[in-house]
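Enquirer: This is the structure, below, for whatever I ask next.
Every number here is computed from the coordinates shown, using simple stated rules; none is lab data. These figures come from a predicted structure and were not determined experimentally. Cβ atoms come from the backbone with ideal geometry, glycine included; neighbour counts cover every protein chain shown.
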Amino acid sequence: MLLSAVVQLNSTSDADANWQQAEELVRRAAGYRARLVATPENTNFLGPHSEKVRRAESLDGETCTRFSSLASELEIFLLLGSFNEKSDDPERCYNTSVLFSPSGERLAVYRKIHLFDVDVSREVRFKESATVKAGEQSVVVDTDLGMVGLSICYDLRFPGLYQQLRDEGAEIVTVPSAFTLTTGKDHWQPLLSARAIENQCWVLAPAQYGKHDDAGLRESYGHAMILDPWGHAVAMAADGPGLALAEIDLRRVHHAREAMPVADHRRI
């Protein structure tokens, strides 16, 4: 059994304020003795997208250095849900999730594969690929807590990725997100539940909440949550910045997979 926590933030273009908000909540989670803490997508910056590219950092930059040091100080596994990582394209950055160990070691790096290019409504028109370069590699990492698979936000709509993570051994899957209010109110929890049920794994879904200062283009749904391998939301954050905490028992993963061995039954 391990206590885990997902963080809910309201990030903006003020990087220092974002860091202070995230640090406070991560420390609070560690104070509750959470061993695995995860922050949402765009933790360090959620503002104008051209500015996001201009401010992009390397994996050795200030954002990752801060999170590495915090993980080491608090002796926790800490997921930086995502930050804007420099790529080889001057017009685009990666949307990158990083998992740190209790010693501050960088255990895993995942670059978002599926990019949010949509025209849902007047409120939800967005082309993430204009400023973000897609990643190409699924990531599962073996930790003292279990096998952890990484994903980011819009990836959630692509069940094949999660099947791949499960095939690679994932018992816990992280889905740091900034789901829009319009899509989130109808799709967020059903999709999370589906991924948990299909893959019989724990799902950790930290989230952004509220309006952000990106020219009025973004309002995030929130509802950061933790789901068990049966698809139940066992913890959910209230409105505004905060936390959701739950105990993760990997025996429930093993029991679900033994009782209903869907991976063995798969035909196509």
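Enquirer: Let me have the relative contact order for the chain, percent, based on Cα pairs under 8 Å that are six or more residues apart. Can you show the working numbers first?
Expert: Numbers: 665 pairs, mean separation 55.8, N = 268.
It comes to 21 percent, rounded to a whole number.
Enquirer: Please find the FRET efficiency linking His255 to Asp213, where r is the Cβ-Cβ separation and R0 is fixed at 41 Å, and quote it to the nearest 0.05. Present the calculation step by step, with values, prior to reporting the outcome.
Expert: Numbers: r = 46 Å, r/R0 = 1.11.
Working from the Cβ atoms, E equals 0.35.
Enquirer: Lysine pairs in the stretch 68-194 with Cα distance under 20 Å, only those 8 or more apart or on different chains: how many are there? Don't jump to the answer; show the numbers that get you there.
Expert: On the way: Lys86/Lys112; Lys86/Lys127; Lys86/Lys133; Lys112/Lys127; Lys112/Lys133.
Lysine pairs meeting the criterion: 5.
Enquirer: Under a no-solvent Debye model with one identical scatterer per Cα of the chain, what's log10 I(q)/I(0) at q = 0.14, 0.15 Å⁻¹?
Expert: For the requested q values the scattering log ratios are -0.89, -1.03.
Enquirer: Something else now. Considering amide H positions built from the backbone, and no H for Pro or chain starts, which residues 5 or more places from Asp213, or on another chain, come under 5 Å of its amide H?
Expert: The list, which skips near neighbours in sequence, is Ser13.
Enquirer: Related question: What are the residues whose amide H is under 5 Å from the amide H of Lys133, where those residues sit 5 or more places off or on another chain and H is modelled from the backbone?
Expert: Hits under the 5 Å cutoff: Cys93, Tyr94, Asn95.
Enquirer: Now a separate question. For Met147, enumerate residues with amide H under 5 Å from its amide H, sequence gap 5+ or separate chain, H modeled in the peptide plane.
Expert: Hits under the 5 Å cutoff: Glu171, Ile172.
Enquirer: Please list 3J(HN,Hα) in residue order for the stretch 161-169, calculated via the Karplus relation 6.51 cos²θ - 1.76 cosθ + 1.60 where θ = phi - 60°; whole Hz, with x for glycine and proline.
Expert: Coupling constants for the stretch 161-169: 5, 6, 4, 5, 4, 4, 4, 8, x Hz.
Enquirer: Now for a different question. Please say if the stretch 1-54 is rounded, prolate or oblate, where rounded means a/c under 1.5 for a ≥ b ≥ c the square roots of the C-alpha gyration tensor eigenvalues, and otherwise the choice is prolate for a/b larger than b/c and oblate otherwise? Mind showing how you got there, number by number?
Expert: Numbers: a/c = 3.96, a/b = 2.43, b/c = 1.63.
Verdict is prolate for the stretch 1-54.
Enquirer: Which order results if Met260, Met1, Met147 are arranged by neighbouring Cβ count within 10 Å, fewest first? Numbers along the way, then the final one.
Expert: On the way: Met260 12, Met1 8, Met147 19.
Exposure proxy ranking, most exposed first: Met1, Met260, Met147.
Enquirer: May I pose another question? Take the Cβ-Cβ distance between Ser129 and Asp167 as r, set R0 to 35 Å, and report the resulting FRET efficiency rounded to the nearest 0.05.
Expert: Details: r = 27 Å, r/R0 = 0.77.
The calculated FRET efficiency here is 0.85.
Enquirer: Ranked by Cβ crowding within 10 angstrom, fewest neighbours first, how are Tyr154, Tyr110 ordered? Walk me through the numbers before you get to the answer.
Expert: Values: Tyr154 22, Tyr110 26.
Fewest-to-most ranking of Tyr154, Tyr110: Tyr154, Tyr110.
Enquirer: Pop out the ³J(HN,Hα) list for the stretch 137-142 in order, Karplus 6.51 cos²θ - 1.76 cosθ + 1.60 with θ = phi - 60°, rounded to Hz; leave Gly and Pro as x.
Expert: Running phi through 6.51 cos²θ - 1.76 cosθ + 1.60 with θ = phi - 60° gives 10, 6, 9, 10, 10, 7 Hz.
Enquirer: Would you mind calculating the gained length between Gln137 and Asp16 on full extension (0.36 nm times residue separation, minus the Cα-Cα distance), in nm to one decimal?
Expert: Details: separation 121, 0.36 × 121 = 43.56 nm, distance 3.07 nm.
Between Gln137 and Asp16, full extension yields 40.5 nm more.
Enquirer: Mind sorting Ile197, Ile248 by how few other Cβ atoms lie within 10 Å of their own Cβ, fewest first? Intermediate values should be presented prior to the final figure.
Expert: On the way: Ile197 19, Ile248 22.
Exposure proxy ranking, most exposed first: Ile197, Ile248.
Enquirer: So, by mean Cβ neighbours within 10 angstrom, what's the order for 14-20, 204-210 with the highest one leading? Provide the component values of the computation, followed by the final result.
Expert: Working: 14-20: 14.9, 204-210: 27.7.
Per-residue Cβ counts within 10 Å, averaged per peptide and sorted highest first, yield 204-210, 14-20.
Enquirer: In the stretch 176-268, which trypsin sites (Lys or Arg not before Pro) are in a loop and have at most 15 other Cβ atoms within 10 Å, using DSSP for the loop call?
Expert: Working: sites: Lys185, Arg195, Lys211, Arg218, Arg251, Arg252, Arg257, Arg266, Arg267; in loops: Arg218, Arg266, Arg267.
When the trypsin sites (Lys or Arg not before Pro) of the stretch 176-268 are filtered for loop state and at most 15 Cβ neighbours within 10 Å, Arg266, Arg267 remain.
Enquirer: Another question, then. For the stretch 3-11, what does the Karplus curve 6.51 cos²θ - 1.76 cosθ + 1.60, with θ = phi - 60°, yield as ³J(HN,Hα) per residue in whole Hz, taken in order and with x for Gly and Pro?
Expert: 8, 10, 9, 10, 9, 10, 10, 10, 7
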